[in-house]
1. If ASN49 passes every condition in (1) polar (S, T, N, Q); (2) modelled with pLDDT of 95 or more; (3) surrounded by 14 or more Cβ atoms within 10 Å (Cβ to Cβ); (4) more than 14 Å from LEU107 (Cβ to Cβ) but one, which one does it miss?
2. Going residue by residue through segment 1-19, is there one that turns out to be modelled with pLDDT of 95 or more and either within 22 Å of the chain's Cα centre (by Cα) or over 28 Å from PHE83 (Cβ atoms) (or both)?
3. Does SER32 count as at pLDDT 95 or above and under 28 Å from VAL160 (Cβ atoms)?
4. Restricting to segment 85-125, what's the tally of residues that are open to solvent by less than 20 Å² (accessible area, probe 1.4 Å) and either aliphatic (A, V, I, L, M) or farther than 30 Å from PRO292 by Cβ (or both)?
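The values are calculated or read from the model by the stated rules, or taken from the named source; none is laboratory data. Predicted model, so just to flag it, every value in this text is computed and none were measured. Virtual Cβ from ideal backbone geometry, glycine too; neighbours counted across all protein chains shown. For accessibility, only protein heavy atoms count, side chains too; no ligands or nucleic acids. Shrake-Rupley method; radii C 1.70, N 1.55, O 1.52, S 1.80 Å.
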Amino acid sequence: MSLGVIAAGVLAAATPAADWQLVWSDEFDGTSLDRSRWVLADDCWGGGNEERQCYTGRAENHSVHDGVLEIVARKEERTGPAFPRDQRTNAEKASATRTKPFTSARLSTAGKAAWRYGKVQVRARLPQGQGTWPAIWMLPEDWAYGGWARSGEIDIMEAVNVGTPCAKCAGGVENRVLGTIHFGAEPPRNRYISEETELPGAIDAFHDYEVEWNEQGIVWRVDGKEFARRVPHEWHTLGSDRAGAPFDKPFHLILNLAIGGHLPEGRNTGGISETGFPKRMQVDWVRVWQMPPGPDNAASGNLRGN
């Protein structure tokens, strides 16, 4: 598809061209999660998708070792808060609990780091199995245009049921990842646009997942190869008539491994397979790049092709 005029040049996935500046990163070189960079969720909400996990801050559900972050989903029943912290707006919600059959972890930079435009890169290895739903995504820091999805959502990478039977996939095995934006208004007036691509190479290998984003649009890449583009006239928000809204505000980053929910349970062989637990999503590094403002770069550089 066409974005109109696109600057020439090729950007490698792990090392952008010299005009990009590294503004935030985590290489996971320590022995524990850097809590100055990340917030851990603690709730059994299910994300509004009827996911089957409780998120915890326990060491059993996340670890850092040998330069890798592991997000670990376990088959174990747990009872915890029914709502995430930002939804515990009254005494009833603050005290409500819910019980789920799995546990996992959800990391966020909310309140610690957020960016308006740039290049966000994450090198990760995905878990396999029916019902697995690893994701690398972004939510608005300030919700300036209103509640979800008025203020937008950028899904850098989602994958469901990797390694399970798939008649449409190469080799008959699920090997696809998705790149998606959500926008519009609160349900049922929310809208989304999504594209998917097959992973290059082995599904059990590390791959580089990337979004490049500025006022010209959003590009998704896997291992440096572009697979999706969106431009501002394709999205909107009922929260504003500003050009580019809602994707013209700072967004923070989220890494999580969900189990179950509408998307994975409705695809491939259906439901959740309870075999093979614990499941692990491994993250080698996270890097955020931006360009300094300038006459040729606008807010964050020209949106480039491969």
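1. (2)
2. Within segment 1-19, none of the residues are modelled with pLDDT of 95 or more and either within 22 Å of the chain's Cα centre (by Cα) or over 28 Å from PHE83 (Cβ atoms) (or both).
3. no
4. 9
Yes or no, residue by residue, for (1) more than 15 Å from the chain's Cα centre (by Cα); (2) without any contact (Cβ under 8 Å) to a residue 40 or more places away in the chain; (3) open to solvent by less than 20 Å² (accessible area, probe 1.4 Å):
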| position | (1), (2), (3) |
| --- | --- |
| GLY217 | yes, no, yes |
| PRO246 | yes, no, yes |
| LEU255 | no, no, yes |
| ASN268 | yes, no, no |
| SER273 | yes, no, no |
| ARG280 | yes, no, no |
| TRP289 | yes, no, no |
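Yes/no matrix, rows are residues, columns are (1) outside any strand (DSSP E or B); (2) in contact with a Ser or Thr (Cβ under 9 Å, 6 or more places away or on another chain):
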residue	(1), (2)
TRP133	no, no
TRP143	yes, yes
TRP148	yes, no
ILE154	no, yes
GLY163	yes, yes
ILE181	no, yes
PRO187	yes, no
ILE193	no, yes
ILE203	yes, no
